[in-house]
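Novice: Sharing a structure below in structure tokens format, with a few things to ask.
The values are calculated or read from the model by the stated rules, or taken from the named source; none is laboratory data. Bear in mind that the values here come from a model prediction, so they are computed numbers and not experimental data. All Cβ positions, glycine included, derive from the backbone under ideal geometry; neighbour counts span all protein chains shown. To get the accessible areas, we keep the full protein, side chains included, count just its heavy atoms, and leave off ligands, DNA and RNA. Shrake-Rupley method; radii C 1.70, N 1.55, O 1.52, S 1.80 Å.
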Amino acid sequence: MKFLSLIVILLGLAIANPSYAVDTKSATASELSKAAMININKANIDQLITLPGIGKSKAQAIVDYRENQGAFKSVTELTQVKGIGNKLLAKLEGKIVL
């Protein structure tokens with residue numbers, strides 16, 4: 001019974017003050033947009049293919065490059081990956097981070 005009471009109290013506190021939730025009203029636009037960006041040093045294939053112009057083979061090439069060469073040191077280093085040039089890099093601007 002005490003356990004059930006504790007659960008009810010905790011649920012009530014969570015509903016009254018959901019401090020664990022992201023407050024999109026007080027978060028800056030920069031924080032929100034950065035959260036939506038893909039980290040090219042950590043993203044898996046499924047995450048990478050959500051980017052414009054990146055299909056499964058380019059996503060795999062990004063992961064392979066990262067595994068062989070190490071983490072990207074700059075976003076422009078992405079052009080070293082086969083199939084990614086300056087034009088595609090321009091499409092990815094604002095959508096990727098390190």
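Novice: Which pairs have Cβ atoms under 7 Å, sit 6 or more apart or on different chains, and link a residue in the stretch 84-97 that is closer than 18 Å to GLN47 by Cβ to one that is of a type in the set (Val, Ile, Thr) and at pLDDT 95 or above?
Specialist: LEU89/THR76; LEU89/THR79; LYS95/ILE38; ILE96/ILE38; ILE96/ILE40; ILE96/VAL75
Novice: Give the residue that is farthest from ASN39 (Cα to Cα), with candidates limited to residues of the stretch 66-97 that are open to solvent by 60 Å² or more (accessible area, probe 1.4 Å) and not in a helix (DSSP H, G or I).
Specialist: Taking the candidates together, the pick is LYS82.
Novice: I need a count of the residues in the stretch 46-65 that are open to solvent by 40 Å² or more (accessible area, probe 1.4 Å) and either of a type in the set (Asp, Glu) or out of contact with any strand residue (DSSP E or B) (no Cβ under 8 Å at 6 or more places or on another chain) (or both).
Specialist: Within the stretch 46-65, the first condition is being open to solvent by 40 Å² or more (accessible area, probe 1.4 Å), and the residues that meet it are 46-47, 49-50, 52-53, 56-58, 60, 64-65.
Restricting the remaining residues to those that are either of a type in the set (Asp, Glu) or out of contact with any strand residue (DSSP E or B) (no Cβ under 8 Å at 6 or more places or on another chain) (or both) gives 46, 49, 52-53, 56-58, 60, 64-65.
Looking only at that region, the number is 10.
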